[in-house]
Amino acid sequence: MATHANDSRNAHVSRLVRGQPASDGAGVRLTRVIGSPMLPDLDPFLLLDEFGTDKPEDYLAGFPDHPHRGFETVTYMLDGRMRHKDNHGNEGVLVPGSVQWMTAGRGLVHSEMPEQEEGRMRGFQLWVNLPARDKMTAPRYQEFAPERIPVVQPAEGVSVKVIAGEVDGVAGPIVQPATDPVYLDIALEAGAAWAHRLPEGHSAFAYAYEGGVTVGEGEDARALPVQALAVLAGGERLVVAAGDGPARLILVAGRPLREPVVRHGPFVMNSKQEVMQAFIDYQEGRF
Ligand code: MN
């Protein structure tokens, strides 16, 4: 019997999802890509928001004090400055190109507020789940200034910031054994293409945020328009290519946890009882 051509095919697009306009915090306008009814989650990823605006009224209200428990929030700034401050005394300012990988663990209360009154504010927030064994771990930050994020040119016209994972032997600074994440910010010049190998068995997605790209190759090639997310499936070797113009995208992957997910707002646990306990602990000031 002939082997079907698809048996050994490369990573390809299994679904295209458009971001949905949303509002969060004290009224910040953003685009929700994961965590919307279109794509409630992509284990281990619980949420992906793109925030990007030149209008101060869209971001000035910021994200005043709010709690998190049971997962990680990852903020990657592209433009603008954001001050974060938590109830354990941690404080800092995220600048363009910096990354904060915050493990909320058993819980903290923090604010994320714009450190500017005009100009452009742009970036991403990704929520990454933690396995049951790590949900009540001590909170911790992996925070890196732009100069700490390595940049690799793995092919002609291709530039990759390695936040997490590895490209041509260059590792990003983020360490998280639970989900073994990959987080790459890829810039393609017009006509440039790049093939990258993703870890076997990971969930993976690509999100184009400047210009459209093509994902996959040959009969699997599909156009990924700007502000759309491609859920990837089927193999480890992924090809991304720009068209007539330059493009930028993030490529993110992580090992799925395959555990029950019970989420309510900023609490993501494994059972209803644990979420109830999170509310009680928060109300009683145990975060
Ligand atoms: Mn937060």
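Out of segment 82-127, which GluC sites (Glu not before Pro) are coil in DSSP terms and have no more than 16 other C-beta atoms within 10 Å? Answer in residue order: 115, 117, 118. Solvent-accessible surface of segment 103-232, taken per residue with a 1.4 Å probe and all protein chains present: 41 Å². Between amide H atoms placed 1.01 Å from N, distances below 5 Å from residue 237 occur with 11, 198, all of them 5 or more places distant or on a separate chain. Ligands, DNA and RNA left out, the 1.4 Å accessible surface of segment 12-283 is 48% carbon and sulfur atoms. Residues whose amide H comes within less than 5 Å of that of residue 209, counting only those at least five positions distant or on another chain, are 227, 248, 249, 250 (H built at 1.01 Å from N in the peptide plane).
Projecting label points 7 angstrom from Cα along Cα→Cβ for residue 279 and residue 61 puts them 2.3 nm apart. Within the chain, which is the longest segment that contains none of the trypsin sites (Lys or Arg not before Pro) sitting in a DSSP loop with at most 14 other Cβ atoms within 10 Å? Within the chain, the longest run free of exposed trypsin sites (Lys or Arg not before Pro) spans 1-257. Computed over the chain, the per-residue total of -39500 (n - 2.57) for DSSP H runs of n ≥ 4 gives a 222 nm mean residue ellipticity of -1500 deg cm²/dmol, rounded to 500. Of all lysines in the structure, not one has an alpha carbon short of 19 Å from that of residue 85, not counting any fewer than 8 places away in one chain.
The values are calculated or read from the model by the stated rules, or taken from the named source; none is laboratory data. Since the model is a prediction, treat every value here as computed from it, not as a measurement. Neighbour counts run over all protein chains shown; Cβ positions are idealised from the backbone, glycine included. Accessible surface areas use protein heavy atoms only, side chains included; no ligands, DNA or RNA. Shrake-Rupley method; radii C 1.70, N 1.55, O 1.52, S 1.80 Å.
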